Amino acid sequence: MKKLLLTLAAVFMAVGLNAQSVGQRDFSALKVLERSTVNNGVRKSEARKVTLADNQRIMGAYTTDELAESGLGAPGKNGIMRPASRLTKKFFSKFIGGRIVMLRIGLVSAVENFKVYIGTEDASGNVTDLTLQDVGNGTEGWNEVQLTTPVTIPDGIEALYIGFEYKQKSTKSGGRYTSDCYPISAVKTPEMADLYIYGDLGGGAKWNNQETQFGTLSAQAVVELDNIPDYSMLLNGFTLGKKYCKASESLPYKASVENFGKNKIDSYTLDFDIDGTKVGTYTSTKAIEVNGKYDVNGNITVPANIANGSHKVTMTLATINGQDVTGEGKKKDANFISFVNSVPRQKIMLEQFTSQGCTWCPLGGKFLKKLSEQRGDIAWAAIHGNMNSRDKFNNKQCDSIMSYMGLSGFPSASYNRFFIPELLYGDDAPDAIAYGCGYKEQYLTQAAQQVSGYISAHAEAPSFVPVNITRSFNNETRELTVSVAGQGAEGAASSLAGYGLFVYITEDGLKAYQTSGGANYVHDHTFRAALGTVLGNDIKWNGDNYENNYTYKVPADYVTSNMHIIAFIAPKVSYRTPNHLNMDVNNCEITELEDPAGIEETTADGKNAEVVARYNAAGQQISAPETGVNILKLSNGKTIKVVVK
């Protein structure tokens, strides 16, 4: 059966990404599982550890024997439910070829029709059932079920599901569902696994993804393995607390280690290096029991003389019990960018993905307008695609952008090309950066506030170079000249190695048909063209400063007074293999296409008059337009005053 997703992380989503197949839904309706209000927290009762043979290990994301104090359930959705923990390769790869001999399932309350479940998922997302073993009834607390037939963990799968089935109750007392309607235990764990539930929650039986909002399902597998070494430690995770860090500052890290050997590990050391140069060592302060896991937190200091730009931090398991460690799997890498100074962030780049044939796209436009009004720092380009019929505002550049952005449907939007996992929804790819924006109208303000908060959190990253746009437009030839330049912070060129300059031309006020919008729907922010390439133009660096120049012949039917120029700096894109986790816009600016100080005047005899000198209101000569009154000396001898906004 094909897995389908219903993501609670996108709690305000009102319509699906594919406007043709999914209609409106209240965001409250997305809450498939709900938590009991009887209690709240984690049960602190005495842990009941399982006894393992020498060749057995616990597999799964759930590392504690504590259970949730308040359970989860789907009362009102009667029938058989199957919650399962979806384990990705990082959880099961070291167990491939091993045999699952027992499942441990923790329950907050007793259940009927209790069965334990194991399944696999292939690269296409198809889930295959391997085991569904009848137990009878499940009891409150931990249920340890020996499998009648052990299950060998196969190679070549994408995910492994471990969980259970039960009969959902909807019993009420005093107008409220009773506690036995909430049997599922889920607790926050250091490394989280998505919680899925299979059942008929409306629209037929399917897999529904609850992600990690409620925690990791209380489910563990006991696996038998051959040839376990006497002393072995696994590095399960390594992350840095900052993506950007200045020289001489502390760079926080977090790691997860696990004793995978036959004996207790009394001590161990972890070495840290930046680009091959050792910068620190962590020495353990506590022993790790067999099958035990431990989180390591600390800081390393970035060298004062480090070069600006991207750097790799490597964590290496150096010793166990004083003995040097050799072999594979003893290193983990993470990256950060060093910098000296930064510049103010100017605008947030908003790329809207829409279509004339999209039913729900006007809702998406209303939401983005609300977001833009709330923030006041949005540079907005509406990129059109074809749906059902040819969209008159679509072009090949639109298609290229939508392709490398990984678009999965309309209406959707990308916010500064940030990866915001909280906005993933429906059939989004796990690294998607274009998110559904068809929020139901009564929730626009609330949804805009939440999305704006996510944007602001990501926008705290430093910008290294400003984006300044100057332009001139010749009314007779309709030739537009654009210059994008900036004086960067120290080390800007190295910090932005691999980045490109993107320049978009947009137009407002285009009246044309729109499904659910009528024959004269007004299309604003419409993408008309990208200057150069949509993959990012090479930045013309001169030290840490840059200047790029472009020309563009504006078509005769475009209304230049309604047009804008957007320029932004972001990583250049590989069309075939875009890295969606590394596409953040570093800085962005927008300006009107018609610059009153840059439009060439036409004399009575038809000859063009060019600006030969420019002065501010104080009479000081300036090299570029400045906000306020500008005095222009023209080649025809005239002097005029213009106001630059």
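Which FRET efficiency value, to the nearest 0.05, do you get for N562 and E610 by plugging their Cβ-Cβ distance into 1/(1 + (r/R0)^6) with R0 = 22 Å? With a Förster radius of 22 Å, E is 0.30. Helix 361-375 axis versus longest C-alpha principal axis of the chain: approximately 80°, rounded to the nearest ten. Oblate is the label for segment 191-243, because a/c, from the alpha-carbon gyration tensor with a ≥ b ≥ c as root eigenvalues, is 1.5 or above and a/b does not exceed b/c. Close amide H partners of I622, meaning residues 5 or more places away or on another chain with modelled amide H under 5 Å apart, are R614, Y615, N616.
When all protein chains stay in place and ligands, DNA and RNA are ignored, the 1.4 Å accessible-area order of W380, W207, largest first, is W380, W207.
Determine the shape class of segment 157-206: with a ≥ b ≥ c the square roots of the Cα gyration tensor eigenvalues, call it rounded for a/c under 1.5, and otherwise prolate if a/b is greater than b/c, oblate otherwise. Walk me through the numbers before you get to the answer.
Numbers: a/c = 2.90, a/b = 1.55, b/c = 1.87.
The shape class here is oblate.
Using heavy atoms of the protein chains and a probe of 1.4 Å, the accessible area assigned to Y546 is about 10 Å². Between the helical axis of 444-458 and the dominant principal axis of the chain, each derived from Cα atoms, what acute angle in degrees is found, rounded to the nearest 10? It works out to around 90 degrees. Legend note: in the chain, cysteines whose Cβ sits 4.7 Å or more from every other cysteine Cβ are C181, C245, C398, C437, C588. Couplings 3J(HN,Hα) for segment 330-347, derived from phi with the Karplus relation 6.51 cos²θ - 1.76 cosθ + 1.60 (θ = phi - 60°), are 9, 9, 9, 10, 8, 10, 8, 10, 8, 7, 9, 9, 9, 10, x, 6, 9, 10 Hz, where x marks Gly and Pro.
Each residue of segment 103-117 was assigned a 3J(HN,Hα) from its phi angle through the Karplus expression (A = 6.51, B = -1.76, C = 1.60, θ = phi - 60°), giving 10, 10, 10, x, 10, 7, 9, 5, 9, 9, 6, 7, 9, 9, 9 Hz with x at Gly and Pro.
Dimensions of the chain along the principal axes, based on C-alpha atoms and rounded to the nearest Å, stand at 97, 61, 42, largest first. Largest first, the extents of the alpha carbon coordinates of segment 358-463 on the three principal axes equal 38, 31, 26 Å.
Can you tell me which of 71-77, 230-236 comes out highest on packing, and rank the rest after it, using the mean Cβ neighbours within 10 Å?
Values: 71-77: 21.1, 230-236: 16.9.
Result, highest mean first: 71-77, 230-236.
Working note: Karplus 6.51/-1.76/1.60 with θ = phi - 60° gives segment 497-512 the couplings 4, x, 8, x, 9, 10, 10, 10, 10, 10, 9, 9, x, 8, 8, 6 Hz, where Gly and Pro are set to x. When the Cα positions of C181, A448, T285 are compared along the charge dipole of the chain, C181 comes out farthest toward the positive end, with charges on each C-beta of Lys, Arg, Asp and Glu. If R0 is 35 Å, the Cβ-Cβ spacing of Q449 and N126 corresponds to a FRET efficiency of close to 0.35.
The label point for T326 and the one for N582, both projected 7 Å from the Cα toward the Cβ, are 3.3 nm apart.
Could you give the dipole magnitude of segment 442-563 about its Cα centre, charging the beta-carbon of Lys and Arg +1 and that of Asp and Glu -1, in debye to the nearest 20? Provide the component values of the computation, followed by the final result.
Numbers: 6 positive and 11 negative charges, 54 e Å.
Around 260 debye, computed over segment 442-563.
Per residue, the average separation of C-alpha pairs within less than 8 Å and at least 6 apart gives the chain a relative contact order of 12 percent.
Here segment 245-381 is treated with +1 on each Lys and Arg Cβ and -1 on each Asp and Glu Cβ, and its dipole about the Cα centre works out to around 520 debye.
What's the extension gain from K264 to Y244 if we count 0.36 nm per residue and subtract their Cα-Cα distance? Numbers along the way, then the final one.
Numbers: separation 20, 0.36 × 20 = 7.20 nm, distance 3.76 nm.
Going from the current span to full extension adds 3.4 nm.
Dipole size of segment 129-268 about its Cα centre, with +1 on Lys/Arg Cβ and -1 on Asp/Glu Cβ: approximately 800 debye, rounded to the nearest 20.
Within the shell of other residues whose beta carbon sits under 12 angstrom from the beta carbon of Y550, the net charge comes to +1, with Lys and Arg scored +1 and Asp and Glu -1. The amide H of L130, built 1.01 Å from its N in the peptide plane, has I118, G119, T120 as neighbours under 5 Å, considering only residues 5 or more places off or on other chains.
As an exercise, use a Förster radius of 22 Å and the Cβ-Cβ distance of A457 and Q374 to find the FRET efficiency, rounded to the nearest 0.05. Don't skip to the answer; put the middle values down first.
Values: r = 15 Å, r/R0 = 0.69.
Plugging the Cβ-Cβ distance into 1/(1 + (r/R0)^6) gives 0.90.
Computed on the Cα atoms alone, the convex hull of segment 97-166 gives a volume of 80 cubic angstrom per residue.
Excluding T269 itself, what net charge comes from residues whose Cβ is under 15 Å from its Cβ, given Lys and Arg +1 and Asp and Glu -1? Please report the intermediate quantities before stating the final value.
Details: positive: K278, K286, K330, K331, K332; negative: D266, D271, D273, D324.
After counting each charged neighbour, the total is +1.
Projected onto planes of every orientation and averaged, the convex hull of the alpha-carbon atoms in segment 271-353 covers 10.1 nm². Modelled this way, with points 7 Å down the Cα-to-C-beta line, the labels at I622 and N388 are 5.0 nm from one another.
F92: net charge of surrounding residues, Cβ under 11 Å, Lys/Arg +1, Asp/Glu -1, itself excluded? So the environment of F92 carries a net charge of +2.
Against the empirical curve 2.2 N^0.38 Å, the C-alpha radius of gyration of segment 115-220 lands at a ratio of 1.18. Note on E626: accessible area approximately 80 square angstrom, rounded to 10, probe 1.4 Å, nucleic acids and ligands left out. Using the average count of surrounding beta-carbon atoms within 10 Å as a protection proxy, the listed peptides 395-402, 194-201 rank, highest first, as 194-201, 395-402.
Relative contact order for segment 467-507: what percent, with Cα pairs under 8 Å and sequence separation of 6 or more? If you can, show how the numbers build up before the last one.
Values: 24 pairs, mean separation 12.4, N = 41.
It rounds to 30 percent for segment 467-507.
Can you tell me how segment 182-329 classifies by the Cα gyration tensor, rounded, prolate or oblate, using a/c under 1.5 as the rounded cut? Oblate is the answer for segment 182-329, as a/c is 1.5 or above yet b/c matches or exceeds a/b. Between the amide H of M583 and any residue lying 5 or more places away or on another chain, no distance stays under 5 Å, with hydrogens modeled in the peptide plane.
The values are calculated or read from the model by the stated rules, or taken from the named source; none is laboratory data. The model shown is predicted, which means the values in this text are computed figures rather than measured ones. Backbone-built Cβ (ideal geometry, glycine too); neighbour counts: all protein chains shown. Surface areas here come from the heavy atoms of the whole protein model, side chains and all, with no ligands, DNA or RNA. Shrake-Rupley method; radii C 1.70, N 1.55, O 1.52, S 1.80 Å.
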